[in-house]
1. What is the Cα centroid distance between the range 106-126 and the range 251-271, reported in whole angstrom?
2. Report, by chain and number, residues whose modeled amide H sits under 5 Å from the one on Val87, excluding near sequence neighbours (fewer than 5 apart, same chain).
3. Run down the lysines and flag those whose C-alpha is under 17 Å from the C-alpha of Lys382, throwing out any fewer than 8 positions away in its chain.
4. Quick one: of the DSSP bridges fully inside the range 329-466, what percent are antiparallel, nearest 5?
5. Taking H as built 1.01 Å from N, whose amide H comes closer than 5 Å to the amide H of Asn110, not counting residues under 5 places away?
6. Could you pull out every residue, at least 5 positions away or on a different chain, whose amide H is within less than 5 Å of the one on Gly121? Hs are placed 1.01 Å off N in the peptide plane, and Pro or chain starts have none.
7. Give me Lys24, Lys392 ranked fewest to most by other Cβ atoms within 10 Å of their Cβ, as a rough exposure proxy.
8. Please rank Val326, Val421, fewest neighbouring Cβ atoms within 10 Å first, as an exposure proxy.
Amino acid sequence: IETFRFGELKRDLTAGAMTEFQEKLRRQHEESMHRELEALVQTAGEAQAQICRKDFDGFKRLFHRFLQVKGPAVDWAKINRPPDDSVSSRARRRPSPASVLNKLAVVKLNGGLGTSMGCRGPKSLISVRSENTFLDLTVQQIEDLNKTYGADVPLVLMNSFNTDDDTKKILQKYKHHRVKIHTFNQSRYAHLGTKWRLAVSMLASVSWHCCFFIPLMVLYEHVGLNLCVIQPADRRCEFIMEVTDKTRADIKGGTLIQYEDHLRLLEIAQVPKAHVDEFKSVTKFKIFNTNNLWISLPAIRRLQEQNAMELEIIINPKTLDGGLNVIQLETAVGAAIKSFKHPMGVNVPRSRFLPVKTTSDLLLVMSNLYSLDAGSLTMSKKREFPTTPHVKLGSSFTKVHDFLSRFDKIPDMLELDHLTVSGDVTFGKNVSLKGTVIIIANHGDRIDIPAGAVLENKIVSGNLRILDH
């Protein structure tokens, strides 16, 4: 018995020493980071230094929390499907628009660049239909809402350091539209290099990424808006997440789960490797987050004042253009759902979710699959079935400029189910694609689909050149 007690005491002492060592190591990392950030500020001019201090204060808090993280973000055994009453197919009642619209702001994340599609400048300035950009469509939607209901719903663009200047220049074109447009910048946080140190030593060389939840307080404090629109009859919802049914194209999307009696968002980066396939399954996790959120701004303020909104930190490894390997500390805005009172999901039609992350997505929204009305893209009534075709374009189509140069006109896709295009392929005018179409030009070959061609359940391969006479 005495031997056992001595062994137990030894383990306790060892564990205590290890905890003390880990705490000392964390403090050293944190003190080192504070010194590095202060040294960076010293390399800035007076005006820029003030902005940087604000950003760095937020980063210090995030870095502190990052150092406190112990073990995985979730225990897989505790994960359950959300209760049936926590995800509604629609809001249970619809308040009169006049009573709520003037308490609403529409916030659009406008921080991204179209670099993955070879574009320069804000992604929102890519042309979609009839020379209209994504931003044009957004303004048209809100303007139509204001005209229809006699409301004054503002558009708030959440810019980043990458998009702010270009966006402010383009906003001049909307001066005479019936929509007030506000902008503010997301916080910017530095990338981390090896051993949790900053990747650079000069402010001018800092590689930044964005963190955007906290600046939503700007809406409450300066725009004067305060309520979410959708309110079920039996309770006041402070946070509503629009979800939609998962397809094989959405297997990496975050999903709602029940975890320790709270509704939570689970992202793929939080999933243990052994359970990734289970996470991607459409059998267990049937819905995913569309990133359309309805949030009570007074509730955000309450949680901020109580310091009660700690989002799980996601560690995202990145390789910068120069080949430098870094990590960026991220938080997902949807993860805040666990902190709000009476949160819920609303399962919306697929039409509410039209992401454009690649030129394959862009081809869909540019085609006659969708009709454009007052800035809204809706599935054409001429399409006999409501599902969206699966489109996969090869690397020759990755950049928007190259993509556009390969189409004399966007093909008729009303009856298309699946399209795969690989290699050097071009499309003439008035081409029609139906059923499953696969076009593969091998290395060194080229395929020109002639004007007026109708391809229905066809595989096209080899070499087909059409030359000017």
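Every number in this text was worked out from the coordinates using simple rules, so none of it is lab data. In this text the structure is predicted, and so the values were computed from the model without any measurement. Backbone-built Cβ (ideal geometry, glycine too); neighbour counts: all protein chains shown.
1. So the two Cα centres are separated by 27 Å.
2. For Val87, whose amide H was placed from the backbone, the distant partners under 5 Å are Gly345.
3. Here the lysines satisfying the reach criterion relative to Lys382 are Lys434.
4. The antiparallel fraction comes to roughly 15 percent.
5. Placed amide hydrogens put Met158, Asn159 under 5 Å from Asn110.
6. Long-range HN contacts for Gly121: Gly114.
7. Values: Lys24 10, Lys392 14.
Lowest to highest Cβ neighbour count: Lys24, Lys392.
8. Working: Val326 19, Val421 24.
With the sparsest Cβ surroundings first, the list reads Val326, Val421.
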